[in-house]
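Working notes, structure below.
FYI, it's all coordinate maths here, none of it is from the lab. Model, not experiment: these values are computed from the prediction. Every residue, glycine as well, gets a Cβ built from its backbone with ideal geometry; the counts of neighbours run over all protein chains shown.
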């Protein structure tokens, strides 16, 4: 009996010693993981690439100026259950950050996002070139032209033209081009639907796609924002009475990439599907990607008697009711007579 009691006492002592030792190890690990990570420069703007594991991320951060221990970083990620949740992105890492803080920071994706601005009135081709030039975007649409991309997004037309909503888009580095472009298309579809629901009941535009075409012309022809409603009224008035639209931007769009910036009489007389001097009605597709203001102007233009306008040279336009008045304005503002 005495031996049994003595053995039990030794077992208890060993157990307690083990618990104390384990506690000390845990406290030690927790202490080390909460120590500030040294950095080789005051500010660390880190880029975490997509598809990397915890150890590879630590090594990448080391190369960018943060002296994090790969072993401790992996341990912290595993202890917190974050090993599979570390997100790619561009991060501005705050001073005093510890290994545990760093794991938490990356698992929550608290990064500095990249951004790209798509400007109103540009063509789909120009916007695609800009998007494909973004170093933080993965081009997963390589080899696909506008027709193929339009089909991918189930657009009602065979062209992507007009369907890209102009805006500033933020995205995590390593995002796919198709994801960002899909957001832009969905936004344009939503804005077009909202504008169409608020259209003038007397509009000669028959479908939302007609409105998108008209808006693309208004976007290209408007030099001053306050003129937008009047510019839209000129083209809607012409469409209503069956006049040719006679707008230079459609002709230029039809000429395509060979256009050198000099619009000639030959261009105006050469028939293409987009030449609004030789063909009646709207072009077969939009000619640019219009913004929200142009969409709403297209379906709700100002009520005016105007059928003509000419640029005054200061960004604004002079609007005329008839051809005689327009010719006088052209002589004044364009020919200086």
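Could you tell me the center-to-center distance, by alpha carbons, between segment 130-186 and segment 280-331 in angstrom?
For segment 130-186 versus segment 280-331, the Cα centre distance is 30 Å.
Order 247-255, 73-81 from most to least packed using the mean count of other Cβ atoms within 10 Å. Can you show the working numbers first?
Working: 247-255: 20.3, 73-81: 18.7.
Ranking the peptides 247-255, 73-81 by packing returns 247-255, 73-81.
Using just the Cα positions, wrap segment 114-191 in a convex hull and report its mean projected area in square nanometres, one decimal place.
On the way: hull surface 18.3 nm².
Mean projected area of the Cα convex hull: 4.6 nm².
What does the helix-only formula give at 222 nm for the chain: each DSSP H stretch with n ≥ 4 adding -39500 (n - 2.57), the total divided by the residues, and the result rounded to the nearest 500 deg cm²/dmol? Don't skip to the answer; put the middle values down first.
Details: 13 runs with 158 residues, N = 337.
The helix contribution divided over the chain gives -14500 deg cm²/dmol.
So what are segment 275-337's ellipsoid semi-axes, whole angstrom, largest first, if each one is the square root of 5 times an eigenvalue of the alpha-carbon gyration tensor? The partial results should precede the final answer.
Details: eigenvalues 119, 48, 35 Å².
Sorted largest first and rounded, they come to 24, 15, 13 Å.
Let me know the Rg and Dmax you get for segment 169-290 when you use only its Cα atoms, in Å.
Just the Cα atoms of segment 169-290 yield Rg and Dmax of 16.4, 51 Å.
Pick from 213, 152, 176 the residue whose mean-square fluctuation is largest in a GNM of the chain, springs joining Cα atoms under 10 Å.
152
Over the Cα atoms of the chain, how large are the radius of gyration and the largest Cα-Cα distance (Dmax), in Å?
31.8, 125
From the C-alpha coordinates alone, can you work out the Kirkwood hydrodynamic radius of segment 63-210, in Å?
Working: mean 1/r = 0.0545 Å⁻¹.
About 18.4 Å, per the Kirkwood formula over Cα pairs.
Could you sort the peptides 197-203, 227-233, 42-48 by per-residue average Cβ neighbour count (10 Å cutoff), highest mean leading? Mind showing how you got there, number by number?
Working: 197-203: 11.0, 227-233: 22.6, 42-48: 15.4.
So the order, starting with the most tightly packed, is 227-233, 42-48, 197-203.
For the chain, modelled as a GNM with alpha-carbon contacts under 10 angstrom, which of 287, 217, 62 fluctuates the most?
Between 287, 217, 62, it is 62 that shows the largest mean-square fluctuation.
Mind ordering 183-193, 96-106 by average Cβ neighbours within 10 Å, highest first? It would help to have the intermediate numbers written out before the result.
Working: 183-193: 17.4, 96-106: 19.6.
Ranking the peptides 183-193, 96-106 by packing returns 96-106, 183-193.
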